[in-house]
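Visitor: Have a look at this one.
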Amino acid sequence: LVYGLFAQHSVLYALSGMSGQAYGNELHGARPGSEHRAWTRSIDLMSQAYQTNFELADLYEAWALRCFGLLCFTLVKRQVLREAPTAKYLINTVDKHLSRVAEEDSQDVQVLRDLVLLRDAEALLFAPLQQTSNLGVQVFVYTCMAKSLYSLALTVIAQPPFSQNLCGREGAMPVVCSLMPYAEGAAMLASTLAIMNIIIFEHSLKRILGRDRFKPFWKFMAVKVLVSLNFIQSYLLDALGTMFDLSNSQVKLYYACLVCIEVLPLSSLMFYAWRPKRGDWHEGDLQPVGGRGVQLADETCDVHVEDLEGFIQSRQPNGISSREVLSSWELTGVLELRGDVTGQDATAIKQVVELLSRNRIRASYKPASLYRGHQSSLPYSRTAGGGFSGAHDEAPAP
């Protein structure tokens, strides 16, 4: 809608130049003999104002693309915030378990120590991903902003009370306006980079963005189509103007009229992609982490400590507790005995283990035949191997 309003304003500027209205305004009060200069100045001012309208429209479109990217980042960050406490809790639970039953230099402990990224996924995974993916969009916005300010400054200087036309055939300093083609090329490159970044981000995380009926593809197309279409049809109309011998003013008028026509179906697509529904993705804006306030795109929610602690507890499995992972009767370790083990040896080793641990560990001896996958009908002999199983604390009474 905003882009269409700027395009409509550009149509009026183009018609003003082609109908002679702009020339009449310049000719009013001019000295005799300066008619050609007034005509040239009117065409230059019309072209400059026309260009400034579309520069500002491109800036608004770049800002809309940035808002869409920030919205995607917000939805992915919410998923990270939901999963991070669960992953961190499970890692800490296993870490506590291994610290009690495994040796310090064991392979299991080393494997758990190698888990670095999952311990802080928001800072080590999501934040770098967001900064990298958002870089192209930021460059696009800054490029369009610089180009718009550059064009707007030239237009303001050319209008009263300054009335200093720097550009055009009758311009005082044409070299000042020579940067515009380079700005156009930089904007096209930045636009391509921004669109590619959003495409890669949306395609890679479509499993998350596709939840809650977000429909990222149609929302992205509603923003992307207009950006791409404007760049493509501008060069296409220039080529057609050369082929059919059209003037620059005619090409500008065709371009502005085409944009006014195109914004109608694009507005319908925008309505389809962004219309709200009950239970849609936007309800998460009213339920940020902590459950207070409203969270907008690119906004850090002010979370109170008690709310954050309650949210973290709600994301932890209720059936698992670091104190109850190891029951007093649960098997926590096996001590293997090989060789000529007698019943007296087993009893002595059992007593030593319980004595050294001050009854913190309960040990029991079982013949090795119980662990071999078959039942033995032979009585226990002195040559049979065996093993001890230990459990922390005391087992409950039968």
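The values are calculated or read from the model by the stated rules, or taken from the named source; none is laboratory data. The model shown is predicted, which means the values in this text are computed figures rather than measured ones. All Cβ positions, glycine included, derive from the backbone under ideal geometry; neighbour counts span all protein chains shown. When the accessible area is computed, the model is the full protein with side chains, heavy atoms only, and any ligands, DNA or RNA have been set aside. Shrake-Rupley method; radii C 1.70, N 1.55, O 1.52, S 1.80 Å.
Visitor: Can you tell me which residue is nearest to Ala273 (Cα to Cα) among those in segment 192-223 that are among the charged types (D, E, K, R), in a helix (DSSP H, G or I) and open to solvent by 50 Å² or more (accessible area, probe 1.4 Å)?
Guide: Arg213
Visitor: Within segment 333-392, restricting attention to residues that are open to solvent by 100 Å² or more (accessible area, probe 1.4 Å) and in contact with a strand residue (DSSP E or B) (Cβ under 6 Å, 6 or more places away or on another chain), which residue is modelled with the lowest pLDDT?
Guide: Taking the candidates together, the pick is Tyr380.
Visitor: Right, something else. Just checking, how many residues over segment 186-232 are more than 30 Å from Tyr150 (Cα to Cα), in contact (Cβ under 8 Å) with a residue 12 or more places away in the chain and not acidic (Asp, Glu)?
Guide: Residues flagged as more than 30 Å from Tyr150 (Cα to Cα), in contact (Cβ under 8 Å) with a residue 12 or more places away in the chain and not acidic (Asp, Glu) within segment 186-232 amount to 13.
Visitor: Being open to solvent by 30 Å² or more (accessible area, probe 1.4 Å) and either farther than 27 Å from Leu205 by Cβ or of a type outside the set (D, E, K, R) (or both) narrows it down to one residue among Leu65, Leu45, Leu70, Leu27; which is it?
Guide: Leu27
Visitor: Of all the residues that make up segment 1-59, how many are out of contact with any Ser or Thr (no Cβ under 9 Å at 6 or more places or on another chain), under 19 Å from Leu166 (Cβ atoms) and of a type in the set (Val, Ile, Thr)?
Guide: Number satisfying all stated conditions: 1.
Visitor: In addition: Condition first: touching a helix residue (DSSP H, G or I) at 6+ places or on another chain (Cβ under 7 Å) and open to solvent by 50 Å² or more (accessible area, probe 1.4 Å). Now tell me which residues in segment 225-245 satisfy that.
Guide: Leu229, Asp238 - these are the residues of segment 225-245 that are touching a helix residue (DSSP H, G or I) at 6+ places or on another chain (Cβ under 7 Å) and open to solvent by 50 Å² or more (accessible area, probe 1.4 Å).
Visitor: A further question on this structure: In segment 279-293, is there at least one residue being open to solvent by less than 80 Å² (accessible area, probe 1.4 Å), modelled with pLDDT under 90, within 25 Å of Ala194 (Cβ to Cβ) and among the aromatic types (Phe, Trp, Tyr)?
Guide: yes
Visitor: Given (1) surrounded by fewer than 18 Cβ atoms within 10 Å (Cβ to Cβ); (2) among the basic types (Lys, Arg); (3) closer than 30 Å to Ser133 by Cβ, identify the lone condition not met by Arg37.
Guide: All conditions are met except number (3).
Visitor: Every residue in segment 137-176 that is closer than 22 Å to Thr40 by Cα, buried (at least 20 other Cβ atoms within 10 Å of the Cβ) and among the small types (Gly, Ala, Ser), please.
Guide: Answer for segment 137-176, where residues must be closer than 22 Å to Thr40 by Cα, buried (at least 20 other Cβ atoms within 10 Å of the Cβ) and among the small types (Gly, Ala, Ser): Ser151, Ala158.
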